[in-house]
Amino acid sequence: MLNDKPSIEKLRWIMTQLRDPETGCPWDLKQNFSTIVPHTIEEAYEVADAINQALESQDYRELEKELGDLLFQVIFYSQLGQEQQVFDFDSIVEAICEKLIRRHPHVFADTNLSTDEEIKANWENEKAKERQQKNNDQALSVLADIPKSLPALSQAAKIQKRCAHVGFDWHHIDDVFAKVEEEVQEVKNELHHNPEALAEELGDLLFAVVNVCRHAKQDPESLLRQANVKFTQRFHQVEQQVQNSSKDFAQHSLDELEAYWQQAKISVKK
């Protein structure tokens, strides 16, 4: 198997060798479901970064590598499940195949879903049925099972999407902007008064901005990441200009730094 061509079976065999109690890797043998989670999250973010880089450079080699790392996370979990006799790789594949076929009746059955809205509604309905079945058909909150470990922006978007699916949502994006303006005013009201109330109002403002993103059909997590990248690139330009001036940051006035920033905005157009 060691000299066989790369395949999913070879990858599974590698995993069994790494977890072999007698000849396996000491680090891999120490791992369990809980200890692997941080690595899975890290690999997922690295895939996201690699996608952004690939779209900019049109070089997909790094994305290919990162997707392999993420695939290995699934293989690792499947090996742990097999060792504990709770599931294995084949049962994982079986479960996702069944789910995808069931959630796409417009592709694999004779259901007619022609618009994006109808397809999304069907998808959410199927997910709701799955949650009910998992809870033995007992009354279940619309917001049940939203992962607590999701980044806060993504979690807020998911909460809002669930509520919107049952009709608890603004009809027009203008109404959402009005809510943002209301929250901005409430932040201003608490700005120099009650720190606890200010923190709560800032949270409400962030939640409202996520709502704007959702109504604009944009992912808030991706948007903020892009903004972080843009700011970082521009600030690097500011740092370069500070370095060229032979003065430290502290020796510059705010007006001088602002002038550098405006130049960076022209230089780094993203």
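Expressed in nm², what is the orientationally averaged projection area of the convex hull enclosing the Cα positions of region 153-266?
Dividing the Cα hull surface by four gives the mean projection, 9.6 nm².
Would you work out which of 268, 100, 187 lies farthest towards the positive end of the dipole of the chain? Charges go on Cβ: Lys and Arg +1, Asp and Glu -1.
100
Which value at 222 nm does the chain reach when only helices count, each DSSP H run of 4 or more adding -39,500 (n - 2.57), with the total divided by all residues and rounded to the nearest 500 deg cm²/dmol?
Taking each H run of at least 4 residues, the total per residue is -24000 deg cm²/dmol.
What relative contact order, as a whole-number percentage, does the chain give when Cα pairs under 8 Å and 6 or more residues apart are counted?
Worked out over the chain, it gives 9 percent.
Over 31 Å between Cα atoms: which of 30/161; 134/230; 161/188; 10/134 fall into that group?
Checking Cα-Cα distances, 30/161; 134/230; 10/134 exceed 31 Å.
Hey, what's the Kirkwood Rh for region 41-137 if you take every pair of different alpha carbons, in angstrom?
One decimal place: 16.4 Å for the Kirkwood radius.
Relative to the Cα centre, what is the charge dipole magnitude of the chain, using +1 at the beta carbon of each Lys and Arg, -1 at the beta carbon of each Asp and Glu, and rounding to the nearest 20 debye?
Details: 30 positive and 48 negative charges, 81 e Å.
Charge dipole, the chain, about its Cα centre: 380 debye, nearest 20.
Excluding same-chain residues fewer than 8 positions from residue 5, which lysines have a Cα within less than 20 Å of its Cα?
List returned: 65.
Could you check how many percent of all C-alpha pairs in region 27-95 are farther apart than 20 Å?
It works out to 40 percent of all Cα pairs.
Need one word for the chain: rounded, prolate or oblate. Basis is the Cα gyration tensor (sqrt eigenvalues a ≥ b ≥ c); a/c below 1.5 gives rounded, then a/b vs b/c decides.
Oblate shape, in that a/c is at least 1.5 and b/c is the bigger or equal ratio.
Readers should treat all values here as calculations from the given coordinates under stated rules, not as data from a laboratory. Keep in mind that this is a model prediction, so the values were computed, not measured. Cβ sites come from the backbone with ideal geometry, for glycine too, and all protein chains shown count toward neighbours.
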